[in-house]
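Below is one structure, written out as structure tokens; comments come after it.
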Amino acid sequence: MSEAFFEIVEFVLESEKFFFIWGTTDEGKDFFENYYSRLVAFRDEKKAFDFLRSKGINAKKCKTVYDFDALDYSNCDDFLSKWNIIDDLSKSILLDFVGNDDSFSTLYSKFVYGANFSALNKSKKFYTPSFDADELKQIEAIKSDMLRILKIALSKANFDTYFDFSMVRKKKSSDALTLINLFFLLVAPFVLLSVDTFGFALLFLLSLVFLISYIAGIIVSKGWHKVLNVLFLLLGIALCFFSFLFFVLSLIS
């Protein structure tokens, strides 16, 4: 199983600071922490760390700041970093980003070489790219789409929340089990009074199966749901006993 590395990153937009949780897997898949394509966002770094600690996750301290009030394409390294991070963001929240279009690949390459990464720039000569009129239009399209995606992400984000959406699924499972268990216990006594020998045997087997369901209900539930499922378990044991007793009595008679 792959493990993820997490870092808290800071975004600046319209002079406001926002903190997001960025992650990358061993396979090189980059993503932002989100629930159902809604970004997990914080207004201060401490809350972001508290959120990660509540989930048992260690994260690197925030060292990277992406200032989207300063989209200066003359700084190739900075502009490329913002291009890449918005690419990660758009994929995390399932939005299309114009920068992923093949028609922008040449422009993207210019920014890569313009960043003068030592791994790529073997000649050690500083390269400053020049952009024609069409490329300048593409740059404006990239800048506009970066801001569009970021604003959409912020408008739908879960801010300063410790709420784990996996608990919603767990609660729904708990509710479903409680209702199923209750239904069986309400119906079973009527069946017990109206079936023959085969019916008693079937009811006994079903009761055994539902004992597992009662135990599962206790495990996944909390509060009064747990108490209710404990009561169901006790009634289920009684139902098992009486259905088996009636089954034996029907055989004897």
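The values are calculated or read from the model by the stated rules, or taken from the named source; none is laboratory data. Everything numeric here is computed off the predicted structure, so don't read it as measured data. Cβ atoms come from the backbone with ideal geometry, glycine included; neighbour counts cover every protein chain shown. Ligands, DNA and RNA are excluded from the accessible area calculation, which covers all protein heavy atoms including side chains. Shrake-Rupley method; radii C 1.70, N 1.55, O 1.52, S 1.80 Å.
Quick rundown of the values:
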| item | result |
| --- | --- |
| Residues of segment 1-101: accessible area per residue with a 1.4 Å probe, Å² | 53 Å² |
| Dipole moment magnitude, nearest 20 debye, segment 13-66 about Cα centre, only Lys, Arg, Asp, Glu C-beta charged | 240 debye |
| With DNA, RNA and ligands ignored, accessible area of Arg38 (1.4 Å probe; Å², nearest 10) | 100 Å² |
| Karplus 3J(HN,Hα) series, Hz, for segment 11-17 with 6.51 cos²θ - 1.76 cosθ + 1.60 (x for Gly, Pro) | 10, 10, 9, 6, 6, 9, 9 |
| Restraint check, Lys91/Lys125; Lys17/Lys156; Lys29/Lys82; Lys82/Lys110, Cα-Cα greater than 24 Å | Lys91/Lys125 |
| Counted charge near Lys137, where neighbours are those whose Cβ lies closer than 15 Å (Asp, Glu -1; Lys, Arg +1) | -4 |
| Table column - 3J(HN,Hα) (Hz), segment 230-240, Karplus curve with 6.51, -1.76, 1.60, x for Gly and Pro | 5, 4, 4, 4, 5, 5, x, 5, 5, 5, 4 |
